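The values are calculated or read from the model by the stated rules, or taken from the named source; none is laboratory data. Because the structure is predicted, anything quoted here is derived from the model rather than measured. In this analysis, Cβ positions are derived from the backbone assuming ideal geometry, glycine residues included, and neighbour counts consider all displayed protein chains. Ligands, DNA and RNA are stripped out before the accessible areas are found, and what is left, the full protein with its side chains, is counted by its heavy atoms. Shrake-Rupley method; radii C 1.70, N 1.55, O 1.52, S 1.80 Å.
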Amino acid sequence: MFLLSAIALQLVNPFIMRRFINQALEGKAVSDLYVWAVLFMVVSLATQGLLIAVQYFGESVGWGATNRLRITLLRHFFSLDLAQRKKYSTGELIERIDGDLNALQNFFSQFVIKLVGNALLMIGILVALFMIDWRIGSGLTIFTIGALFMIDRIRASAIPYANQARQINGQFYGFITERLQGADEIRSNGASRYTLKQFIQWIAKYYPALKRAEIRNYSMWMTSIAVFTIGNIFSLSIGAYLYKSGAISLGSVFLIVQFTELMMVPIEQIRREMEDLQKADASILRIQELLAHKSSQPSVSTKPFPEGPCDIVFKNVSLYYNEQTPALRDVSFAVKRNTTLAIIGQSGSGKTTLTNVLLRFYLPTAGSICINETNIESFALQDMREKIGIVTQDVHLFAGTLRENLTFYNSSITDEDLIETMTALRVLPWFHGLTNGLDTTIEGLGRNVSAGEAQLIAMIRVFLKRPEIIVLDEATARMDPETEHIVKQAIQALVSERTCLIIAHRLETIQHADAILILESGKVVEYGAFQALAADCSSMLTDLLQKGGVSLENV
Ligand SMILES: Nc1ncnc2c1ncn2[C@@H]1O[C@H](COP(=O)(O)OP(=O)(O)OP(=O)(O)O)[C@@H](O)[C@H]1O
């Protein structure tokens with residue numbers, strides 16, 4: 001409605017101007033001319049008002065549609081397996097979830113309105129020109145078709161360059177995000193110069209691609225200007241000719257020029273819409289690609305996770321991340337309810353992989369994992385992850401207060417719950433040392449928090465869920481003696497009366513474990529009760545305990 005009214009008013013205004021010019025030339029009274037001038041201004045203002053309304057509704061439709069898609073995409077992304085999620089860098093994901101959707105939003109909000117609106121405006125102008133004089137009408141019709149054809153040809157030649165620039169843009173941002181996230185490691189390992197060199201190489205690749213795309217864009221713009229200038233020359237010449245021959249009035253010449261000018265708007269807008277259509281097309285393809293990844297988790301997983309103590313049994317479990325080497329080979333062991341299994345092994349031996357398969361971040365390539373005699377693949381995933389608490393070394397903290405980082409914005413968890421949990425975990429001495437208590441500010445990515453403190457926060461988070469099983473990867477980072485003592489106490493509280501798997505990095509943790517499992521290149525090389533292995537002088541564990549202070553990574 002608004003759109004049709006705006007188009008009609010845009011067509012009406014040049015006629016008002018023609019009347020004004022003709023009456024002025026006829027020497028009509030100034031008061032008459034005022035009426036037409038005021039009418040002209042009112043129509044102009046009304047047109048702008050209507051165009052703003054059209055834009056507003058278009059944007060609302062666009063935002064509504066793309067926001068729903070943004071939510072769907074993010075939800076879908078969270079539902080994917082770890083392996084699928086790892087395929088994308090943070091930068092690439094931002095580009096997909098936000099950048100591509102911005103392109104789509106533009107398309108949704110503007111495309112139909114602008115394309116239909118401008119096509120109607122174009123037809124209206126041509127009809128009006130035919131009404132003035134058939135020669136003008138047919139001349140400008142041919143011109144318009146030619147102009148659209150030419151602009152489209154140039155646009156088509158610019159497409160590959162635009163796509164290439166966009167692709168490099170995504171990769172470039174992926175590179176920057178990754179390097180910024182790892183800035184501390186880069187600096188501490190003296191890799192700043194190398195990273196800077198890589199950055200320069202990226203710029204050297206990005207700049208020419210962007211330049212090529214921009215030159216094509218610019219040539220498209222230049223062509224439009226040239227076409228419009230030719231159009232103006234054409235309409236002025238033909239208008240002058242018809243005026244001289246007495247076929248039309250001077251007002252009509254003005255009308256023709258006005259309409260030719262007005263005609264440039266739909267030609268230009270249609271060109272832009274075609275460009276948006278092409279961008280939207282590429283964005284839809286990329287979004288489809290993301291949505292096409294499906295979680296490999298079985299869809300029949302609906303069994304509720306068992307309440308109460310849990311027994312875990314791994315039976316001949318193997319896992320291949322890729323076809324070449326298995327990360328786990330034929331791993332079998334059992335963890336009895338309310339006992340702790342310490343997992344030891346060199347870096348890369350498969351310790352994290354073992355915990356990943358227990359949490360179903362990856363499904364085993366062969367073998368089975370059962371909890372209370374039920375294959376874990378039968379459990380409802382959400383329920384299962386609620387009941388298995390995991391504390392990794394890579395604790396993710398968000399910018400906010402300590403309270404927000406502990407509760408994850410769950411307002412049903414009260415401060416009393418938090419204090420009670422911290423008391424049970426015996427971490428109150430650490431908590432009392434914080435000047436602002438639960439309101440203590442945590443900086444993004446936990447920049448102002450030590451590794452030990454981050455693990456404490458992760459343990460409190462996990463303990464709040466009162467899980468049946470705990471998976472813990474002990475922190476390897478050096479801690480001050482006081483924090484270390486608190487962390488040790490917290491671990492003991494966390495594991496007591498629960499089934500636990502601990503990737504152990506301290507001898508003390510091993511000594512508290514009920515059973516020990518030593519991994520080497522994905523294979524179990526020693527497994528048994530702590531007491532029995534410690535009493536066996538030929539066991540690897542005895543050797544390890546005898547070496548005392550030896551780092552467990554070097555077992
Ligand atoms: N997502 C992955 N894709 C491919 N290979 C992987 C992946 N994650 C781990 N690996 C490989 O699997 C093997 C076992 O890795 P894993 O992280 O389980 O070892 P780890 O014992 O936990 O090591 P660390 O003590 O250093 O954490 C390694 O060779 C590693 O390179």
Kindly check whether there is at least one residue in the stretch 504-520 that is on the phi > 0 side of the Ramachandran plot and open to solvent by 10 Å² or more (accessible area, probe 1.4 Å). no
Please list, ordered by residue number, the helices (runs of 4 or more DSSP H) wholly in the stretch 379-438 having 3 or more residues that are among the charged types (D, E, K, R). 381-387, 415-424
Identify the single condition in (1) at pLDDT below 85; (2) under 25 Å from Ala83 (Cβ atoms); (3) open to solvent by less than 60 Å² (accessible area, probe 1.4 Å) that Ser318 does not satisfy, given that it satisfies every other one. (1)
Has the stretch 53-60 got at least one residue that is free of Cβ contacts under 8 Å to residues at least 60 places away in the same chain and β-branched (Val, Ile, Thr)? no
Would you check if Lys28 is of a type in the set (D, E, K, R), within 16 Å of the ligand (Cβ to nearest atom) and open to solvent by 20 Å² or more (accessible area, probe 1.4 Å)? no
Out of curiosity, is Ala366 open to solvent by 10 Å² or more (accessible area, probe 1.4 Å) and out of contact with any Ser or Thr (no Cβ under 6 Å at 6 or more places or on another chain)? no
Given the criterion open to solvent by less than 30 Å² (accessible area, probe 1.4 Å) and either hydroxyl-bearing (Ser, Thr, Tyr) or assigned to a helix (DSSP H, G or I) (or both), identify the matching residue among Val43, Val116, Val112. Val43
Thr365 versus (1) within 16 Å of the ligand (Cβ to nearest atom); (2) within 24 Å of Ala504 (Cβ to Cβ): which is the lone unmet condition? (2)
Just to confirm my filter: which strands (runs of 3 or more DSSP E) fall fully inside the stretch 470-534 and include at least 2 residues that are more than 38 Å from the chain's Cα centre (by Cα) and either β-branched (Val, Ile, Thr) or assigned by TED's automatic domain parsing to the domain that holds Arg426 (or both)? 515-520, 523-529
Where a residue in the stretch 130-156 is closer than 23 Å to Ser219 by Cα and its partner, wherever it lies, is open to solvent by 90 Å² or more (accessible area, probe 1.4 Å), with Cβ under 7 Å and at least six apart: none
Inside the stretch 298-312, the number of residues satisfying the requirement of being surrounded by 16 or more Cβ atoms within 10 Å (Cβ to Cβ) and under 15 Å from Arg360 (Cα atoms) is 3
From Arg96, Arg135, residue being assigned to a helix (DSSP H, G or I) and modelled with pLDDT of 80 or more: Arg135
Any chance you could count how many residues in the stretch 21-54 are aromatic (Phe, Trp, Tyr) and under 56 Å from the mean Cα position of the chain (by Cα)? 2
Pick from the stretch 319-361 the residues that are in a strand (DSSP E or B) and more than 12 Å from the ligand (Cβ to nearest atom): which of them is farthest from Pro467 (Cα to Cα)? Asp330
Where a residue in the stretch 383-404 is closer than 23 Å to Arg360 by Cα and its partner, wherever it lies, is open to solvent by 60 Å² or more (accessible area, probe 1.4 Å) and basic (Lys, Arg), with Cβ under 6 Å and at least six apart: Gly389/Lys465
Residue pairs, Cβ under 6 Å, 6 or more apart or interchain, first in the stretch 338-351 and crowded, with 22+ Cβ neighbours inside 10 Å, second assigned to a loop (DSSP other than H, G, I, E, B) and among the small types (Gly, Ala, Ser). List them. Thr340/Ala513; Ala342/Ala504; Ala342/Ala513; Ile344/Ala504; Gly350/Gly522
